[in-house]
Amino acid sequence: MNKNNEQKNETLQLWWLDQQTNKYFPAGVAFHDEKYGEYRLKIDMHPENQYYLRPLNSTDDQINFRVEVVIKRNGKFHQRKLIGEGISNTETNGDIIMTLGPYTKKLLLGVKHD
């Protein structure tokens, strides 16, 4: 592969955010894919699943995202399913805060705030 064509993905930390205690717990990593404009999420609790975070739309001060999981049939890609949503705005300090299915803790892509 030509080095000029190699994809360079930025690695970012994922955190579980407990909004009741305002505590952060390591959740995995995310890789930004510039070619598709989305993030691939590797969530420690579910290493066998493939998750993606895609921008959905935006306004002047907020970006809305959708969180998807890859569904496989017979070990091969079948489709992506919506399992959550995320937002990034001035109130989140540019971080992306995601709500996933049944989880009470929020998943945060960005810097850990102490």
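The values are calculated or read from the model by the stated rules, or taken from the named source; none is laboratory data. None of these values were measured; they are calculated from a predicted model. Because the Cβ atoms are built from the backbone with ideal geometry, glycine has one as well, and the counts that use them run over all protein chains shown. Accessible surface is based on the protein model in full, side chains and every heavy atom, while ligands, DNA and RNA are left aside. Shrake-Rupley method; radii C 1.70, N 1.55, O 1.52, S 1.80 Å.
Using a 1.4 Å probe on the protein chains only, how many percent of the accessible area of the chain belongs to carbon and sulfur? Within the chain, the accessible surface is 46 percent carbon and sulfur. Taking only the C-alpha atoms of the range 47-97, Rg followed by Dmax gives 13.5, 43 Å. Within a straight-line Cα-Cα reach of under 17 Å, LYS106 can be paired with the following aspartates and glutamates, leaving aside sequence neighbours fewer than 8 residues apart in one chain: ASP18, ASP44, GLU68, GLU85, GLU91, ASP95, ASP114. Pairs of Cα atoms nearer than 8 Å and 6+ residues apart set the relative contact order; for the chain it is 21 percent. Modelled spin labels at ARG80 and ASN64, positioned 7 Å past Cα toward Cβ, are 1.7 nm from each other. Accessible surface for the chain, divided over its residues, is 70 Å² per residue with a 1.4 Å probe.
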